[in-house]
1. In the set A:Ile172, A:Ile213, which member is open to solvent by less than 10 Å² (accessible area, probe 1.4 Å), within 14 Å of another protein chain (Cβ to nearest Cβ) and of a type outside the set (D, E, K, R)?
2. For the range A:178-195, name all the residues that are more than 7 Å from ligand 1 (Cβ to nearest atom), part of a loop (DSSP other than H, G, I, E, B) and open to solvent by less than 10 Å² (accessible area, probe 1.4 Å).
3. Can you pull out every residue in the range A:253-271 that is more than 12 Å from ligand 3 (Cβ to nearest atom) and surrounded by fewer than 19 Cβ atoms within 10 Å (Cβ to Cβ)?
4. Return yes or no: is A:Cys236 modelled with pLDDT of 95 or more, within 15 Å of the chain's Cα centre (by Cα) and away from chain B (no Cβ under 14 Å)?
5. Here are some conditions: (1) in contact with an Asp or Glu (Cβ under 7 Å, 6 or more places away or on another chain); (2) within 14 Å of chain A (Cβ to nearest Cβ); (3) outside any helix (DSSP H, G or I). B:His36 meets all but one. Which one does it not meet?
6. Only residues that are among the hydrophobic types (A, V, I, L, M, F, W, C) and surrounded by fewer than 16 Cβ atoms within 10 Å (Cβ to Cβ): list them for the range A:1-20, please.
7. Any residue in the range A:177-195 that's under 17 Å from A:Met222 (Cα atoms): show its pairings with residues that are within 16 Å of ligand 3 (Cβ to nearest atom) and among the charged types (D, E, K, R) at Cβ separation under 8 Å, as long as the two are six or more apart or on different chains.
8. So how many residues does the range A:65-80 have that are away from ligand 1 (no atom under 15 Å from the Cβ) and in contact (Cβ under 8 Å) with a residue 12 or more places away in the chain?
Amino acid sequence: MPKVYNWQLGRNMEYPHEAAFPKRQFAFVFNINRCIACQSCTMACKSTWTFSKGQEHMWWANVETKPYGGYPQFWDMKILKLLEEANPGGQVWSKKDGTFQFEGQTIFEAAKKKLTPESSRVLGYLPEDHEWNSPNIYEDNPKGPKGQPFQWDKEGVQLPVHKTWFFYLARICNHCTYPGCLAACPRNAIYKRPEDGIVLVDQSECRGYRKCIEACPYKKVMYRGNTRISEKCIACYPRVEGNDPESNGKPMETRCMAACIGQIRLQGLVKMNPDGTWAEDRYNPIYYLVHVAKVALPLYPQFGTAPNGYYIPPRWVPRPYLYQMFGPGVDEAIERYMNPDRELLAVLQLFRRSNLIIFSYKFEEGPKIFEGTLRGKPVTIYNDTVIAYGKEGEELFRTTVEEPVYERPAQHANSI
Amino acid sequence: MKNLTSVDFRTHGKSYCVEYHLQLVEEAVLRIIRGHPKEGLFRKERDRIYEFTDPEEREEAFQQLHERWFNHLNLGEPVQQVFKLWPILTASTHRCLFIKARSTREIGADLYLARVKRDQPELSRTERTIVVQLTPELLCQSSQFLVFLQREMLHIVDMLDPYFGYESGFPKRSLGPYHRVLQERYKILWDITVDGRLYKKGWLPSSVRETHKMLFSRTFPSLQGELENLFSYFFDQGPHTHQELLSFAQNPEKWLAGTTDIGRGFKSTPSSKGWCVLCQFPSFQLINPVDLSADLLVQIQQEHPTWNPQEPICWQCKDLYEARSLIVEAKPVKSYIN
Ligand code: SF4
Ligand code: SF4
Ligand code: SF4
């Protein structure tokens, strides 16, 4: 099996397909501390791309309540279990000279040991129909322990500490650097676009083998029963290309990003090195959040597909759960998010101020506006400015840390 | 476009029709073919159909292919086995339909009757159809599918067997919330008698006995002292009848008192002093409606026109109606809208 470098794992890994790296890569950061599960993103995608016959069960964008929810049901628990069975006790990270390295096995490496079925190149499973049918089932319903009817869990709501926790995980296809779906397709019907790394299913080549559905660890490829062809998130490529009538020729963020009520989403196109790592681009906001501030982490990096969706982890969730979901960078990410420096606080203001893709930003210092303590630590806030630039270096907008306040003249009070 | 594929076969000289939902057939074939030695051959045939440009021709070709492979892979074999086990199934019904369950909750079998009139006494074979809802995944796992079919079809056998005397619907007095409790109790008892018979034939593992016993004790907590005897009566002995299961589910203590062998020496804690005619639940605290206010009596009668105020009601229902009248009387403490 060819070897590739996976920077998220801190090591080389085996990938059962030739890797090809785009010039730029579609990537996004979701700040899930702010998601309110309004499902506007879900509906924006549905109403644009999956409203036709045969697509009823398809939600390319979905938001699930963790830890109970999942679409398809239990997708992450199932794949984590398969990996654990293939490599019992071995799915761990080590730290050498201050950098983390994944010592366990990815879905590609574990496939050699545990093939399901034998023709598979990637460890995975094919969800059953009913697992796709009720995207948010059980998320608001209390349920007892498995196999013990008429009993509730007694641990969750004990006083004095309210132990119950949950958070909303918004998901789309990660347009992975090493896509499991692409590697698994026996007909090479899945490809990664050289210009933006968007992963697409060639609808004229697909013959509905569903190996991609089995192999995608995030379960983001779906089968359409009436056409007998697999479909997936297309990263709203007409918008990203600037070819959508609405975009006036300028690269625009996707429908699910633009619709986000909680303003948790920022999407961009990062520059790539020929080896599949990100080229240094210090003032690209996505690059900054992932590689400089290190507040945004990949979803289940241990799967090995090098997903290009990054998450600012929810700060209230027990750490072991977060380590499993986002890898070992969680403590540092949460610490920095809770005590942001001036630049990070300014960059966080870029989220959803515009629907155009931001290619770079500039940070300008402003006056001190607050001094005090926060959670026992001294804190000083400056009204700094952040300026967003587009593809050609043109200014898209500028915004400040302090939200501007506009007072309506008194004569309009209580008027509609 | 058709929805079903039929497999006709003759049994005891009569023709019997087994039909499968095509979606079920297709999905089952697609699942079982993964990693199968003949997958290459199947794919070759199936890939070719994608080239068809006429949508109807294409759809038909897909359907025919999946039907053909369904038979080739012998996926209907457990069904044939079960029909051979209980000839009453094919002797008393004319058709068995397998359809795809949309969720795991829907999985199961039922008997459908084409009754012309509600009180029509005799039904012929052609007026009875078995409908089985299942997932393609279950259909693919032949051993689990066989156990599932044995369980479900033994229920159908009971429904067809005159000795069992199955009747749909429960007595009138069990309407309302109590109906659900009764349904649940009846279901648990019936399942116990079915699995007991399958266990005796060696088709189920011994763990099934413990699982049912646990459910039985949770469902009938007042019988703790006689639990083992009673459980064994339903699980190990038989045959039982619909009426017997129903009267036990309705009132186990009364049932015991009237059963000579098992009831002898049985000391139970009574589970009620009687029934509330409004909510249909058994209760220890029954109230004589004579003590209720005239307003309350009117209110109850409005919602239960057939209720006779001589009949006792439970404390909970009285509380409920009293609370309702308080809500009606309540006025906002302060109005915030000027
Ligand atoms: S998330 Fe799944 S579908 Fe999307 S590129 Fe990665 S492996 Fe493929
Ligand atoms: S990027 Fe576009 S296609 Fe993909 S999930 Fe979002 S809205 Fe849907
Ligand atoms: S639109 Fe934004 S806030 Fe709403 S559910 Fe989606 S990600 Fe969360």
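1. Matching residue, one of A:Ile172, A:Ile213: A:Ile213.
2. A:Tyr178, A:Ala189
3. Answer for the range A:253-271, where residues must be more than 12 Å from ligand 3 (Cβ to nearest atom) and surrounded by fewer than 19 Cβ atoms within 10 Å (Cβ to Cβ): just A:Lys271.
4. no
5. Going through (1) in contact with an Asp or Glu (Cβ under 7 Å, 6 or more places away or on another chain); (2) within 14 Å of chain A (Cβ to nearest Cβ); (3) outside any helix (DSSP H, G or I) one by one, B:His36 breaks only (1).
6. A:Met1, A:Ala20
7. Note: pairs meeting the criteria are A:Cys181/A:Lys220.
8. Summing the residues that are away from ligand 1 (no atom under 15 Å from the Cβ) and in contact (Cβ under 8 Å) with a residue 12 or more places away in the chain in the range A:65-80 gives 8.
The values are calculated or read from the model by the stated rules, or taken from the named source; none is laboratory data. No experiment lies behind these values; they were computed from the predicted model shown. Quick reminder, even Gly has a Cβ in these numbers, built from the backbone with ideal geometry, and neighbours come from all protein chains shown. Accessible surface areas use protein heavy atoms only, side chains included; no ligands, DNA or RNA. Shrake-Rupley method; radii C 1.70, N 1.55, O 1.52, S 1.80 Å.
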